[in-house]
Amino acid sequence: MIYRGDRVQLDLPTLEEGRSTTIAPPGGEEAVLVLLAGDVEWDAVRATRTDVFDARASAVYLPAGSSVDVVAHSQTELALAATRNAGLAAAGSAPAFITPTDVVVNERGAPGWLRQVHDVAADNVHAEALIVGETFNEPGQWSSYPPHKHDGTDGEPALEEVYYYRFDRPGGFGFQGLYESESGEVDDRKSRERAVLLRHGAIVGIPRGYHPVCAAPGYRLYYLWALVGKPRRLAMHEDPAHRWLHDAR
């Protein structure tokens, strides 16, 4: 399964036990390879993870022109998030390995929209245009909330994003809203409002606009997120109609 946006790409390779492969950023770009589940050795560095809810991520940042040799010691699931059309030159630097202790954990929100955000490849790597992380919603909680965007239309850095979802139970589900105009406005962008039913394995591309997420009661929700843009800085613009929520806490 591969998602290709204008500036961001997500691939979900799998390896059978005993298989090996070499993974490089597609198209000469830069990428981050994240272990979702399995037991791997990449360039002789060992990493294990039962599933995304079991432990913090292990990952490899791959600069343009680099690659990593991967050996699977069990059935292994990976995510390869990469830039597209970024015009990067081969960096000439080696891959950077990210261990679970390198992942920065942020507790965000308030009751109703409490979530845990893990920065997997952010300030801890010298990437040019790519930021990668993971978000964990407890049952019934919201994230990307109050609704925010980062498409550059209000002065924030213009970043394109993709989300990849998993649930702690196979039947789990949630919803993601996608809209572009601020709440209360009436214009032709209203026709672009939509809600996406999220199932295990769903991928949602977010080229622009607000994108709040909620988990159904009874189901923990996870999503891997990858952002691409320059400047490489995550500065979110919140929907002004909902900023009052911060003062009500």
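Points worth noting:
- Matching residues, segment 11-34, being part of a strand (DSSP E or B), hydrophobic (A, V, I, L, M, F, W, C) and surrounded by fewer than 22 Cβ atoms within 10 Å (Cβ to Cβ): L15, I23
- Members of segment 125-147 that are at pLDDT 95 or above and surrounded by fewer than 18 Cβ atoms within 10 Å (Cβ to Cβ): E138, P139, G140
- For segment 127-145, the set of residues classified as closer than 30 Å to G92 by Cβ, of a type outside the set (A, V, I, L, M, F, W, C) and not in a loop (DSSP other than H, G, I, E, B) consists of G133, E134, listed by residue number.
- Selection status of A81, modelled with pLDDT under 95 and within 17 Å of V125 (Cα to Cα): no
- Test: residue in segment 195-210 that is free of Cβ contacts under 8 Å to residues at least 24 places away in the same chain and outside any strand (DSSP E or B): no
- Given (1) surrounded by 22 or more Cβ atoms within 10 Å (Cβ to Cβ); (2) part of a strand (DSSP E or B), number of the condition A37 does not satisfy: (1)
- Test: residue in segment 162-173 that is aliphatic (A, V, I, L, M), open to solvent by less than 10 Å² (accessible area, probe 1.4 Å) and either modelled with pLDDT of 95 or more or in a strand (DSSP E or B) (or both): yes
- Filter pass, G177 being at pLDDT 95 or above and not in a loop (DSSP other than H, G, I, E, B): yes
- Checked against (1) assigned to a loop (DSSP other than H, G, I, E, B); (2) under 26 Å from G218 (Cβ atoms), E156 meets all criteria but (2).
- When residues in segment 139-155 are screened for being over 17 Å from R115 (Cα atoms) and in contact with a Lys or Arg (Cβ under 8 Å, 6 or more places away or on another chain), 3 of them pass.
- Residues being more than 21 Å from G65 (Cα to Cα) and modelled with pLDDT under 95 - total across segment 6-52: 0
- Of all residues in segment 54-73, those satisfying the criterion of being under 18 Å from Y165 (Cα atoms) and open to solvent by less than 50 Å² (accessible area, probe 1.4 Å) are A55, A57, S58, A59.
- Within segment 237-246, the set of residues being within 23 Å of D119 (Cβ to Cβ) and loosely packed, with under 15 Cβ neighbours inside 10 Å comprises H246 only.
- Scanning segment 74-97 for residues that are touching a residue at least 12 places away in the same chain (Cβ under 8 Å), under 23 Å from the mean Cα position of the chain (by Cα) and either at positive phi or open to solvent by less than 10 Å² (accessible area, probe 1.4 Å) (or both) yields T76, L78, A79, A81, A82, T83, N85.
The values are calculated or read from the model by the stated rules, or taken from the named source; none is laboratory data. Keep in mind it's a predicted model, so treat the numbers as computed, not measured. We place every Cβ from the backbone using ideal geometry, glycine too, and count neighbours over all the protein chains shown. What goes into the accessible areas is simple: the full protein's heavy atoms, side chains included, and nothing from ligands, DNA or RNA. Shrake-Rupley method; radii C 1.70, N 1.55, O 1.52, S 1.80 Å.
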